[in-house]
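> My questions all concern the structure below.
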Amino acid sequence: MREKILELQKAASALEPETEDQHRYRSQADDFVRRFYETIPHQKAYRRFDDSVDKLLDEPIGEEPIPSDEILHQVESRVVPPGLNPVSGGHMGYIPGGGLLTSAIGDYLAAATNRYASVYFSSPGAVVLETRLVRWMCDLVGYGDEAGGYLASGGSMANMTAVVAARDTAGLEPQQFSSVVVYMTRQAHHCVDRALNIAGLKSARRRFIGMDERYRMRTGELIEAIREDRKNGLKPWMVVANAGSTDTGVIDPLDEIAETARREELWFHVDAAYGGFFLLTDEGKSLLKGIGEADSVVLDPHKGLFLPYGLGALVIKERQNLAEAHSYSADYMQDARIDSKIPSPADISPELSRHFRGLRMWLPLKIHGVAAFRASLREKLLLAKYVWQELSQLEGFETGPEPDLSVIIFRCKPPGVDPDEFNRELHRRLVDDGRIFFSTTRINGQFMLRLAILSVRTHLGEIDLLLKLLREKMTEILEGGRAE
Ligand SMILES: Cc1ncc(COP(=O)(O)O)c(C=O)c1O
């Protein structure tokens, strides 16, 4: 048996490369990243693609090794280029962020050292670091000492964890689920609905509260709906407010909603996945007044802190509510239970084994300092105001409300054309060009163009290019010209 074991050890030895091979892999990866970063200013924000990318499906996951340079070349030439380019400053679609190199280095170090970041006993360093980041976000929101939270993979998971905590804090039993009511507007992100479904609350009633002309929840209607529901024997349970809605970027009246939720004894959840980190700016702080009254808040560092995808955060006013919803016990982990003031993420979240996520956030905050993030966020707010003003004055264009934060709704409306058709074509031509990418949405049934300015690399130059392209493509369509 010993001989067989040694034979297998030898056959598997490639998995632990010799020093020289390790060095080669690292320098190949480093060259890849260097080439990638050097070309970012010239990379398109969107690259149309055909189904040749699907041929990767036919690539065998074979028994034999393939040289690393060949494989990295495939990633560089075939995997990375097609589609949306989130690192481009020209990306103004959905909710961008950009991605920071220092965060990518954090990921690399986290994976290379492979700390077990979920349990204090296993990696106190990783857990303390995550706890520090959570405390920083609690302070940002305005929470007291009882607050806590955790780093999730993204906003959807963070919202889901909040819904579960709200469900269990209210002590809801399955037989009550169909009489439970959740209040939000049609601007709430669809992940809230999904979170309710995953939490077993598919049958819970979603009450969509009317919005004012700027798409903000009308608190008066919220109050009326709650009273009406109580009268009808239903159980008002939770209100979800937007702190930067995805579609239009608006912020619900958080302080008014907070007061209503407190009076009516509802769980108050704020989805600040997009807007939360604007709290770092004075403008954001005043726009988000009342956020600290919420029972739970979601913020996405992979949006507002410009990190690469893979980091959302939930902070909660009473950390105990998370612990009660997610505590577990497992005999095989008995020796990992040690007394500590620091909560292990595994005890307050649905995950156990997980990536050492804290490093990808901690490293850039430490290396660059918070002031640089604040400046970049202020720049985005000003860019949004600037582009909104420019679009409002651009002949042939009309804009939605002045942005609260950095999402702008607009469309081209030259006389005598079907606006939906025209804007669909305008958008298609912009995507074909690829230097700037933005997305579209429907507002009151109308096809609208939508800019979200949050990439760390979106600056005045990209905005000028956007305005130039919009003018050019509009003229091109009106003159019956063809896109290049
Ligand atoms: C307001 C809001 N909430 C939640 C989400 C979902 O977050 P994620 O995509 O990180 O899961 C998004 C995503 O854009 C969002 O904008």
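> Restricting to the stretch 131-172, count the residues that are more than 14 Å from the ligand (Cβ to nearest atom) and in a strand (DSSP E or B).
Residues flagged as more than 14 Å from the ligand (Cβ to nearest atom) and in a strand (DSSP E or B) within the stretch 131-172 amount to 3.
> Let me ask another. Does GLY290 satisfy the condition of being more than 10 Å from the ligand (Cβ to nearest atom) and open to solvent by 10 Å² or more (accessible area, probe 1.4 Å)?
Yes.
> So, of the residues in the stretch 85-130 that are open to solvent by less than 10 Å² (accessible area, probe 1.4 Å) and of a type in the set (A, V, I, L, M, F, W, C), which turns out to be nearest to the ligand (Cβ to nearest atom)?
MET92
> Of all the residues that make up the stretch 436-480, how many are touching a Pro at 6+ places or on another chain (Cβ under 8 Å) and open to solvent by 10 Å² or more (accessible area, probe 1.4 Å)?
Qualifying residue count for the region: 4.
> How do the helices (runs of 4 or more DSSP H) wholly within the stretch 237-344 filter down when requiring 3 or more residues that are in contact with a Phe, Trp or Tyr (Cβ under 6 Å, 6 or more places away or on another chain): which remain?
Answer list for the stretch 237-344: 301-304.
> Now for a separate question. Pull up the stretch 173-193, narrow it to residues that are assigned to a loop (DSSP other than H, G, I, E, B) and within 16 Å of the ligand (Cβ to nearest atom), then point me to the one that is most open to solvent (accessible area, probe 1.4 Å).
Within the stretch 173-193, the match that is most open to solvent (accessible area, probe 1.4 Å) is ARG186.
> Here's a follow-up. Could you please tell me which pairs satisfy a Cβ distance under 6 Å, a separation of 6+ or placement on different chains, a first residue in the stretch 230-250 that is acidic (Asp, Glu), and a second residue that is open to solvent by 10 Å² or more (accessible area, probe 1.4 Å) and not in a loop (DSSP other than H, G, I, E, B)?
These pairs meet every condition: ASP247/THR441.
> Could we say that ARG47 is assigned by TED's automatic domain parsing to the domain that holds PHE277, surrounded by 14 or more Cβ atoms within 10 Å (Cβ to Cβ) and either under 31 Å from the mean Cα position of the chain (by Cα) or free of Cβ contacts under 8 Å to residues at least 12 places away in the same chain (or both) here?
Answer is no for this residue.
> If you don't mind, another one. Identify all residues within the stretch 331-382 that are open to solvent by less than 70 Å² (accessible area, probe 1.4 Å) and among the acidic types (Asp, Glu); write none if there are none.
Listed by number, the residues that qualify are ASP347, GLU351, GLU379.
> Let me ask something else about it. Specify the residue that is nearest to the ligand (Cβ to nearest atom); the eligible residues are those in the stretch 216-247 that are basic (Lys, Arg) and under 20 Å from THR169 (Cα atoms).
By that ranking, first place goes to LYS235.
> Taking only pairs six or more apart or across chains, which ones have beta-carbon atoms under 7 Å, a first residue in the stretch 32-44 that is outside the structural domain of ILE463 (by TED's automatic domain parsing), and a second residue that is among the small types (Gly, Ala, Ser)?
Partner pairs satisfying both residue conditions: ILE40/SER88; GLN43/SER88; LYS44/SER88; LYS44/GLY434.
The values are calculated or read from the model by the stated rules, or taken from the named source; none is laboratory data. Keep in mind that this is a model prediction, so the values were computed, not measured. Reconstructed Cβ throughout: ideal geometry from the backbone, glycine too, with neighbour counts over all protein chains shown. All accessible areas refer to the heavy atoms of the entire protein, side chains included, with ligands and DNA or RNA removed. Shrake-Rupley method; radii C 1.70, N 1.55, O 1.52, S 1.80 Å.
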